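Asker: Next up is a structure, given as structure tokens.
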Amino acid sequence: KRLPRISGEVASEIARLLNSNAKLVGDGERAVQPGDFAVLVSRHTEADAVKEALSARGIPCVAAGGADVMSTDEADELFRILSALDNPRRQDLRFAALSTRMLGRNDADLAEMARNGDGMLAEFTAWQATLMRHGVAAALAEIEADTGLGKRLAGADDGERRLTNFRQLT
């Protein structure tokens with residue numbers, strides 16, 4: 001009973017400050033922004049409640065903390081991408097990687113690639129070469145630059161968290 005009420009009160013106070021003329025003074029003076037706030041909680045349920053209350057008020061927020069980045073969707077997707085880089089000639093691995101949110105291909109895209117017999121083999125082979133020469137971080141940076149992966153993640157629901165997870169995994 002208390003958790004939703006307290007979370008709502010915290011979110012309302014943050015909204016009030018954001019909508020006021022509140023200023024931060026430091027290296028000059030500027031209006032308060034959502035990223036200026038941090039809400040510290042003891043449990044994940046409390047973080048989820050505050051995040052939900054802030055989102056309901058249109059305030060962007062990111063939950064950080066004790067969640068294991070290796071158990072995220074981004075870790076699963078990155079594993080699929082790395083599996084395809086390990087053996088780019090296997091179309092099933094490439095298509096599994098391409099169907100991730102990170103690479104963003106839909107069923108129609110994959111069907112077209114299957115008809116053409118391509119499935120981005122040349123791209124995966126080039127990314128594998130970068131991986132072998134310069135390592136995982138360089139290969140993932142190249143994939144991000146070539147595919148718009150970062151923008152795609154950032155634009156998704158909970159995009160900041162997803163992009164942060166990707167960066168931590170990299």
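Computed from the coordinates by the stated procedures, all read-outs in this text should not be read as laboratory data. As the structure is a computational prediction, the values presented were derived from the model and not from experiment. Every residue, glycine as well, gets a Cβ built from its backbone with ideal geometry; the counts of neighbours run over all protein chains shown.
Asker: Can you give the Rg to Rh ratio of the range 109-170, both from alpha-carbon atoms, with Rh computed by the Kirkwood formula?
Answerer: On the way: Rg = 13.6 Å, Rh = 12.9 Å.
Result for the range 109-170 is an Rg/Rh of 1.05.
Asker: Using a Gaussian network model of the chain with C-alpha springs under 10 Å, which one of Ala75, Ala31, Ala15 is most mobile by mean-square fluctuation?
Answerer: Ranking Ala75, Ala31, Ala15 by mean-square fluctuation puts Ala31 first.
Asker: Still on this structure: Can you tell me the orientation of helix 121-134 relative to the chain, as the angle in degrees between its alpha-carbon axis and the longest Cα principal axis, to the nearest 10?
Answerer: 70 degrees
Asker: Another question, then. How high is the relative contact order of the chain, in percent, with contacts defined as C-alpha pairs under 8 Å that are six or more residues apart? It would help to have the intermediate numbers written out before the result.
Answerer: Details: 155 pairs, mean separation 30.4, N = 170.
This gives 18 percent for the chain.
Asker: What distance in nm separates the simple spin-label points at Asn19 and Asp86, each placed 7 Å from Cα in the Cβ direction?
Answerer: 5.2 nm
Asker: Oh, and also: Based on C-alpha coordinates, I'd like the Rg and Dmax of the range 71-129, in Å.
Answerer: 10.9, 35
Asker: Ok, one more. Mind pulling the angle between the C-alpha long axis of helix 107-116 and the longest principal axis of the chain? Nearest 10 degrees, somewhere in 0 to 90.
Answerer: 20 degrees
Asker: So how tilted is helix 159-169 from the main axis of the chain? Cα-based, degrees 0 to 90, rounded to 10.
Answerer: 60 degrees
Asker: Among [x] 40, 17, 15; [y] 52, 20, 15; [z] 33, 17, 13, which is the computed semi-axes √(5λ) of the Cα gyration tensor in Å?
Answerer: Computed from the coordinates, semi-axes √(5λ) of the Cα gyration tensor in Å corresponds to [x].
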